[in-house]
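Here the structure comes first, spelled out in structure tokens, and everything after it is commentary.
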Amino acid sequence: MRIGAHVSSAGGPHLVFERAWAIGAEAVQLFIGAPQQWKLPTLTDEQVDRFNRVRVASGMPVFFHGVYLMNFGSQDPAILEKSQASLLAYHRYAGRMGIVGTIFHVGSHLGAGFDGAMVERIAGLLSAVLEDDASNPALLILENNAGQGNCIGGRFGELGAIVRAMGSPPRVGICLDTCHAYAMGYDIATPAGLDATLEEFDRELGLKRLVAVHANDTKLPIGTFRDRHENIGDGHLGFDGFRTLICHPAFADVPFLLEVPGVNGGGPDAENVQRLKLLRSEAGLDSPGLPPLDDIRRAAES
């Protein structure tokens, strides 16, 4: 099990690895464009090559997170077109840059309802992204949400309906956000509740599709349908909740990616990474370790 984090790519995507190393992260999530803008990412061949050199030297698995504006549940054709174009751009870069996949929110139906016609439309838009290049090994990774604002995918059954409508392709994965799941009423903080949650997940999606965890504590109690991330151990999931998660065999090979506010408000930090690593150590799980920082720096400079 790797403990990773969302890391800033400011100044160039290759810099995420040294920043991740500085906080002890063993896996990385990043944006390659402004997350609140429609502008498509534009990386040069040199930037892509440099990123790949450092990625290989770091040994870290890497995930993209799609822009926040995407909404595949919209009734507006322009929004659907922009959403698909953004995801396609990320997916193409993911294939070129050795990225595991792009994690993204499906969006909100904005009161229109989540019916069969919407499922088919969403599935068609996402399938077209995968069909752009059948040789691209990168995944499209759907993330569960907290249920606010008519969002799609708070329940595993909704994500499962989309995946099945796509024909259940192997290049579709799922990212489980712990804060979002708890907000939706999934009691993942207790062994019995986690077992029930994962039983539903397996029935609707299949545990083989679980490829990442957004490891976030929550400021609010269970079932509040609100997305309010908190630092590990400081929220309602607490250390016991994350201990329960880390000890469950379903997560043994799944990277945990922090999206927490950070002790000083600057985002995922060494303190939060260390908190999860201590729980991992208590569980007797192995640490993959990190390469020397000089190896990462040399790869960036070569």
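Things to note:
- Which numbered condition M118 fails, given (1) hydrophobic (A, V, I, L, M, F, W, C); (2) in contact with a helix residue (DSSP H, G or I) (Cβ under 8 Å, 6 or more places away or on another chain); (3) at pLDDT below 95: (2)
- Filter result for L159 (assigned to a strand (DSSP E or B), within 18 Å of G66 (Cβ to Cβ) and touching a residue at least 24 places away in the same chain (Cβ under 8 Å)): no
- Taken over segment 45-64, the criterion of being within 17 Å of A215 (Cβ to Cβ) and either surrounded by fewer than 22 Cβ atoms within 10 Å (Cβ to Cβ) or among the small types (G, A, S) (or both) is satisfied by P61 alone.
- Considering residues of segment 126-161 that are surrounded by fewer than 18 Cβ atoms within 10 Å (Cβ to Cβ) and hydrophobic (A, V, I, L, M, F, W, C) only, the residue nearest to L87 (Cα to Cα): A128
- Tally, over segment 109-134, of residues that are under 27 Å from A94 (Cα atoms), among the hydrophobic types (A, V, I, L, M, F, W, C) and in a loop (DSSP other than H, G, I, E, B): 1
- Members of segment 262-290 that are under 22 Å from E18 (Cβ atoms) and modelled with pLDDT under 95: S287, P288, G289, L290
- When residues of segment 17-31 are limited to those that are out of contact with any helix residue (DSSP H, G or I) (no Cβ under 6 Å at 6 or more places or on another chain), touching a residue at least 60 places away in the same chain (Cβ under 8 Å) and not in a strand (DSSP E or B), the one farthest from H214 (Cα to Cα): A22
- Taking segment 1-44 as the range and being among the hydrophobic types (A, V, I, L, M, F, W, C), farther than 26 Å from C247 by Cα and surrounded by 14 or more Cβ atoms within 10 Å (Cβ to Cβ) as the test, the residues that pass are L15, V16, F17, L30, F31, I32, W38, L40, L43.
- Residue within segment 85-100 that is over 21 Å from T42 (Cα atoms) and surrounded by 17 or more Cβ atoms within 10 Å (Cβ to Cβ) present: no
- Each residue in segment 61-96 was checked for being without any contact (Cβ under 8 Å) to a residue 60 or more places away in the chain, part of a loop (DSSP other than H, G, I, E, B) and in contact with a helix residue (DSSP H, G or I) (Cβ under 7 Å, 6 or more places away or on another chain), and 5 pass.
The values are calculated or read from the model by the stated rules, or taken from the named source; none is laboratory data. Not measured: the values here are computed from a predicted model. As a convention, Cβ positions derive from the backbone with ideal geometry for all residues, glycine included, and neighbour counts pool all protein chains shown.
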